[in-house]
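The values are calculated or read from the model by the stated rules, or taken from the named source; none is laboratory data. Everything numeric here is computed off the predicted structure, so don't read it as measured data. For neighbour counting, all protein chains shown are included, and Cβ atoms are generated from backbone atoms with ideal geometry for every residue, glycine included. Side chains included, ligands, DNA and RNA excluded: accessible areas come from the protein's heavy atoms. Shrake-Rupley method; radii C 1.70, N 1.55, O 1.52, S 1.80 Å.
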Amino acid sequence: MKKFLIFIFFLPFCNFVFTDAKAGTLSLDREIIEDRKISFPDTNEFKVIVSDLHTHSIFSDGHVWPNIRVEEAQRDGLDLLAITEHLEYQPHMKFIPNNDRNDAFNEALVANDDKDLLIVNGAEITRIPPVGHMNAIFIKDANSLFNDDESNIPIAKELLKQYPEAGSWEENDEVSNYYALTSVWPAEKAIDEAHSQGAFIFWNHSWWTPQSPQGISILTDFHKKLISENKLHGIEIVNGVNYSDEAFQIAIDNNLTIIGTSDVHNLIDWDYSFYKGKHRPVTLVLSKDKTEKSIKDALFKGRTVVWFKNKLIGLKDNLVPLLKSSLSFKSLGYEAGTFILKVEIENKSDSKMMLKNISKYTFSQNTDSFHVDAHSKKIIEIKTIVKLKEMNLTFKIQNAYIEPSKNPKVSFFVKI
Ligand SMILES: [Zn+2]
Ligand SMILES: [Zn+2]
């Protein structure tokens with residue numbers, strides 16, 4: 001995302017560029033697309049995989065064909081995209097019967113002309129509380145994860161009478177009745193089937209106010225049982241523009257993988273204005289290599305960091321190595337005749353880094369807090385009092401969280 005500021009600066013002079021670009025003669029728009037690719041450096045041990053594990057298309061309640069999801073993923077430089085349609089909520093069923101629930105995934109595969117983008121099949125299992133919404137990804141066949149047996153219609157009618165949230169909010173009766181009918185089939189059976197297919201299963205937007213009016217994530221007995229049976233592996237702490245401290249704490253307390261997703265239904269660019277410095281939330285997966293097998297393994301092992309509204313959120317063991325690979329410190333030597341050391345800090349990541357000094361040294365041109373822009377360098381002047389040959393500088397990284405409200409402290413070695 002490094003060049004977008006330059007782009008904004010020149011914007012008033014660039015109308016002609018866009019006119020030409022529309023005619024296909026100039027490639028500035030392609031350069032912008034190149035710059036918007038989400039980019040974080042690999043850690044010493046792992047490759048950093050950029051993923052969005054929760055997306056919708058017109059095959060459930062999204063509003064675009066799956067090829068748009070694929071093109072957006074390519075533009076954002078995603079390494080992995082999961083297609084996760086609601087199995088039960090089918091508001092476009094009049095136009096798209098969707099008899100094969102793998103169709104959205106298959107359409108996405110057809111649209112993917114970029115071998116750098118991995119696409120995996122998924123589904124959103126959708127129920128009223130206490131189940132809520134759960135994503136199963138890396139599934140083999142979505143059709144085994146739902147059941148619309150019409151002999152359940154009488155039970156579905158009762159369900160609708162008893163629980164308005166089972167579908168009566170939906171104006172179209174056909175859609176509402178179908179949602180209630182498919183909700184009759186126990187979620188446990190869908191989860192068992194996903195589990196038997198080797199799926200990675202996570203709990204979506206557990207704080208969602210239609211299902212949790214106070215907006216607080218609460219771990220229910222249903223979810224505790226799934227965790228004890230090893231059938232629930234992760235939890236969203238970020239969904240779209242929403243974040244939950246409580247979900248983050250549930251992840252920590254129950255050893256669930258920390259997930260952040262867009263859950264996009266419209267266009268990514270409508271939801272996250274790249275030109276205003278915004279970005280879609282993603283899960284950064286610390287994987288041995290860029291294969292489906294390794295990425296899935298890393299998810300099961302909890303090696304993730306969420307990037308959300310320029311904040312990096314994850315367990316210390318995952319987040320600190322990412323911060324250490326993102327920021328590098330280089331001595332430029334002492335200013336002549338002084339004990340003031342110049343140090344250049346380089347930020348190789350897409351995230352603007354907010355640093356607070358907690359070393360014993362003070363700076364001559366900065367307070368204890370400053371930032372280093374994404375893909376930028378900054379020089380600080382340090383009053384070392386005596387001449388040193390090496391030093392450790394320690395900062396609190398204030399845009400990073402290893403627990404709710406807790407920033408990591410990271411030390412950087414500087415050879416002078
Ligand atoms: Zn949902
Ligand atoms: Zn969703």
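Using +1 on the beta carbon of Lys and Arg, -1 on that of Asp and Glu, and nothing else charged, what's the dipole of the chain about the Cα centre, debye to 20? Provide the component values of the computation, followed by the final result.
Details: 48 positive and 57 negative charges, 570 e Å.
The dipole magnitude comes to about 2740 debye.
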*For Ala400, list long-range residues whose amide hydrogen, built 1.01 Å from N in the peptide plane, is under 5 Å from its own amide hydrogen.*
Leu312
*Give, as a single signed number, the net charge of other residues whose beta carbon lies under 9 Å from the beta carbon of Arg280, with Lys and Arg counted +1 and Asp and Glu -1.*
-3
_Sorted peptide list for 59-72, 316-329, criterion being average Cβ within 10 angstrom, highest first_ = 59-72, 316-329
*Scan around Ile119 for amide H atoms under 5 Å from its own, H built in the peptide plane at 1.01 Å from N, and keep only partners 5 or more places away or cross-chain.*
Leu81
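Rounded to the nearest 0.05, what FRET efficiency is calculated for Ile153 and Leu109 with R0 set to 45 Å and r the Cβ-Cβ distance? Intermediate results must be reported in sequence, preceding the final value.
On the way: r = 35 Å, r/R0 = 0.77.
That pair, Ile153 with Leu109, gives E of 0.85.
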*Quote the relative contact order of the range 323-415 in percent (integer), defining contacts as alpha-carbon pairs under 8 Å separated by 6+ residues.*
29
*Sorted by average packing, counted as other Cβ atoms within 10 angstrom per residue and highest first, what order do 296-304, 129-137 take?*
129-137, 296-304
*Would you pull out the residues with amide H under 5 Å of Thr384's amide H, same chain only if 5 or more places away, H placed 1.01 Å from N?*
Leu341
*Across the range 405-413, in residue order, what do the Karplus-derived ³J(HN,Hα) couplings come to in whole Hz, using 6.51 cos²θ - 1.76 cosθ + 1.60 with θ = phi - 60° and x for Gly and Pro?*
6, 10, 8, x, 9, 10, 9, 10, 7
*Just from its helices, what would the mean residue ellipticity at 222 nm be for the chain, if runs of 4 or more DSSP H residues each count -39500 (n - 2.57) and the sum is divided by every residue, rounded to the nearest 500 deg cm²/dmol?*
-8000 deg cm²/dmol
*In this model, which of Lys360/Lys406; Lys94/Lys115; Lys115/Lys378 are farther than 27 Å apart at the alpha-carbon?*
Lys94/Lys115; Lys115/Lys378
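May I ask you to derive the FRET efficiency for Asp373 and Lys406 from their Cβ-Cβ distance with R0 = 25 Å, giving the value to the nearest 0.05?
Details: r = 24 Å, r/R0 = 0.97.
Plugging the Cβ-Cβ distance into 1/(1 + (r/R0)^6) gives 0.55.
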*Listed residue (Trp208, Thr55, Thr338) projecting farthest to the positive dipole end of the chain, Cβ model*: Thr338
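Relative contact order for the chain: what is it in percent, counting Cα pairs under 8 Å that are at least 6 residues apart?
Relative contact order, the chain: 13 percent.
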*Determine the share of the chain's accessible area contributed by carbon and sulfur atoms, expressed in whole percent, with a 1.4 angstrom probe.*
52
*For the chain, share of DSSP beta bridges that run antiparallel, in % to the nearest 5*: 75
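What FRET efficiency comes out for the pair Phe95/Thr338, r = Cβ-Cβ distance, R0 = 60 Å, nearest 0.05? Walk me through the intermediate numbers first.
Numbers: r = 73 Å, r/R0 = 1.21.
With a Förster radius of 60 Å, E is 0.25.
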*Beta carbons within 10 angstrom, averaged per residue: use that to sort the peptides 265-278, 35-48, highest first.*
35-48, 265-278
